[in-house]
């Protein structure tokens with residue numbers, strides 16, 4: 001029963017992502033869209049694996065990888081992060097302070 005709930009929840013998340021993009025409530029390049037696809041595919045993979053539905057596992061694994069790739073590539077690059085930090089501060093930060101803040105940012109989960 002629990003596996004069925006996971007599978008149906010995954011299906012609802014994927015359909016919700018598709019609905020939100022189709023109705024222009026969110027854009028396909030938004031993190032929310034990719035996160036809904038990632039979590040949804042994960043739920044469907046679990047359910048499909050338990051039921052030995054290998055084609056569905058394969059499809060949703062690829063779906064999950066695409067969503068994960070999109071989320072990772074959307075993260076700020078370290079050199080862009082420095083520029084963003086400088087812009088938010090409104091002035092140029094000394095080099096050592098930038099490195100210190102960059103290291104602190106990278107330690108955050």
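The values are calculated or read from the model by the stated rules, or taken from the named source; none is laboratory data. Note that the structure is predicted; figures quoted are calculated from it, not measured. With ideal geometry, Cβ positions are generated from the backbone for all residues, glycine too; neighbour counts draw on all protein chains shown.
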Inset, instruction - Name every residue in segment 52-85 that is surrounded by 16 or more Cβ atoms within 10 Å (Cβ to Cβ), at pLDDT below 65 and closer than 25 Å to residue 27 by Cα, in order of residue number. - result: 81
Legend entry - Among residues of segment 17-57, those that are in a helix (DSSP H, G or I), within 15 Å of the chain's Cα centre (by Cα) and under 18 Å from residue 69 (Cβ atoms), counted: 13
Inset, instruction - Please state which one of 6, 14 is over 15 Å from the mean Cα position of the chain (by Cα), surrounded by 13 or more Cβ atoms within 10 Å (Cβ to Cβ) and either at pLDDT 95 or above or not in a helix (DSSP H, G or I) (or both). - result: 6
Inset, instruction - Hey, can you tell me all the residues within segment 17-34 that are in contact (Cβ under 8 Å) with a residue 24 or more places away in the chain and surrounded by 17 or more Cβ atoms within 10 Å (Cβ to Cβ)? - result: 34
